[in-house]
Amino acid sequence: MTIPEPASSPSAPKPAIPRWPDAWPPEQRAAYERWAQHAQHHLLPYHDPRYPPLLRQIADPPPLLFVRGNVDVLSRPQLAIVGSRRPTADGRENARRFAAGISAAGYVVTSGLALGIDAEAHRGTLEHKGITIAVLGTGLDNIYPVAHTTLAAQIAEHGAVISEFAPEHPSYQSNFPQRNRIISGLAHGVLVVEAAQQSGSLITARCAGEQGREVFAVPGTIHNPYARGCHRLIRQGAKLVDCIEHILEELPALVRWERECGAITHGSRPALTPVLRKLLGHIAYEAVPVDTLLKRSGTPLPELYANLMQLELGGYIVHRAGGYVLSPS
């Protein structure tokens, strides 16, 4: 991925992050702590063990996160989906489709709650009972756009809404490019669905490149002005994707994360349900593509990816470039 070179050397020391609560004035600290007394509200300073580990690695991590919802989802493997605020009908459909498939595969879908692609990614995830995170460019008590207030509440119920800005912080144009580094910093990769040549989504992609994250882009017709930003990213080294498998083969982090957490080990395979046993019967020691499994199983794509992930986590199958194969062990 070559978008673009970091502005400074990776070995350059990071500035010291102030510890909570000593670095904040007493009145400010007291106001934040009152806000956090709500059951769904949380303060997450940089030195808190629950602070998302990937975000901690970026050059300028926020010293404090305000969180509404479930703090634990911030540390789960994530893919960010971003794009135009004025997408085409195909762009909206693609955002929902990719969000549904990624969440069914076990990833959290992260975006910015903006109009257009961001909102469709959140909705596509929620419709398929997945987990999604919204990163705001305002305070959590000042949802922007206002039309997404209900959507933000739904996201908080199933995931989290977060901001580095104080709860009452208003909407300033400069806030949104600043928050984009958090969207990419939380995730293992960023998918750009549609973007014009001068798009905030390209800022998120640039941040991802500087942070060493994967960047993916969905191509479009040359006559669509909202495809030009994606084509530019592809020319610069982003991976062209037209199906969910193209993303999943680049993001092995979920399986690794599950194993590190001790959720499932190959030495202790879970019992198979009838549905999983039937799916396993369609897989051999030569790679079977997802398209083939989709036809053989007759299972909807999001459900198929979820079942394949269960088999992979259980050590029954292994993902290869050409598809899935039976595990040799």
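The values are calculated or read from the model by the stated rules, or taken from the named source; none is laboratory data. None of these values were measured; they are calculated from a predicted model. Cβ coordinates were reconstructed from backbone atoms using ideal geometry, including for glycine residues, and neighbour counts include every protein chain displayed. Heavy atoms of the whole protein, side chains included, go into the accessibility calculation; ligands, DNA and RNA do not. Shrake-Rupley method; radii C 1.70, N 1.55, O 1.52, S 1.80 Å.
Between the residues VAL82, PRO289, ALA147, the greatest Cα displacement towards the positive end of the dipole of the chain, with unit charges on the Cβ of Lys, Arg, Asp and Glu, is found for PRO289.
Between ALA31 and ALA59, the FRET efficiency estimated from the beta carbon spacing at R0 = 22 angstrom works out to 0.15. Of GLU214, GLU157, the order by accessible heavy-atom surface (1.4 Å probe, DNA, RNA and ligands excluded), from most exposed downward, is GLU157, GLU214. When the helices of the chain are scored as -39500 (n - 2.57) per DSSP H run of n ≥ 4 and the total is divided over every residue, the value at 222 nm lands at -11000 deg cm²/dmol. In plain terms, the chain from ARG86 to ARG277 could stretch by 64.4 nm, reckoned as 0.36 nm per residue minus the Cα-Cα distance. Taking the Cα atoms of the stretch 21-116, the ratio Rg/Rh between the radius of gyration and the Kirkwood radius comes to 1.06. Heavy-atom accessible surface of the chain, averaged per residue, reaches 46 Å², computed with a 1.4 Å probe. The solvent-accessible area of HIS231, taken with every protein chain present and a 1.4 Å probe, is close to 40 Å².
Considering only CYS230, HIS122, LEU272, and ranking their Cα positions along the charge dipole of the chain that arises from unit charges at the beta-carbon of Lys, Arg, Asp and Glu, the one farthest toward the positive end is LEU272. Just need log10 I(q)/I(0) for the stretch 64-139 at q = 0.13, 0.15, 0.20 Å⁻¹, Debye formula, equal scatterers on the alpha-carbon atoms, no solvent, rounded to two decimals. Taking Cα atoms of the stretch 64-139 as identical point scatterers yields -0.35, -0.46, -0.78.
Under 18 Å from a point 7 Å along the Cα-to-Cβ line of ASP291: which residues of the stretch 302-329 have their amide N that close? So the set is 302, 304-305, 320-325. Summed over all non-identical Cα pairs, the Kirkwood treatment of the stretch 47-202 gives a radius of 15.1 Å. Solvent-accessible surface (1.4 Å probe) assigned to LEU248 amounts to roughly 20 Å². The residues HIS148, HIS169, HIS223, sorted by heavy-atom accessible surface at 1.4 Å with ligands and nucleic acids left out, run HIS223, HIS169, HIS148 from largest to smallest.
Can you give the % of DSSP beta bridges in the chain that are antiparallel, to the nearest 5? Expressed as a percentage, antiparallel bridges in the chain total about 45. Per-residue SASA remark: ILE203, around 50 Å² accessible (1.4 Å probe; ligands, DNA and RNA not included). Rg of the Cα atoms in the chain, relative to 2.2 N^0.38 Å, amounts to 1.01. With all protein chains in place and ligands, DNA and RNA left out, the 1.4 Å accessible area ranks LYS278, LYS295 as LYS295, LYS278, largest first. Which percent of the accessible area of the stretch 290-329 is formed by carbon and sulfur heavy atoms (probe 1.4 angstrom)? Heavy-atom surface of the stretch 290-329 belonging to carbon and sulfur, 1.4 Å probe: 54 percent.
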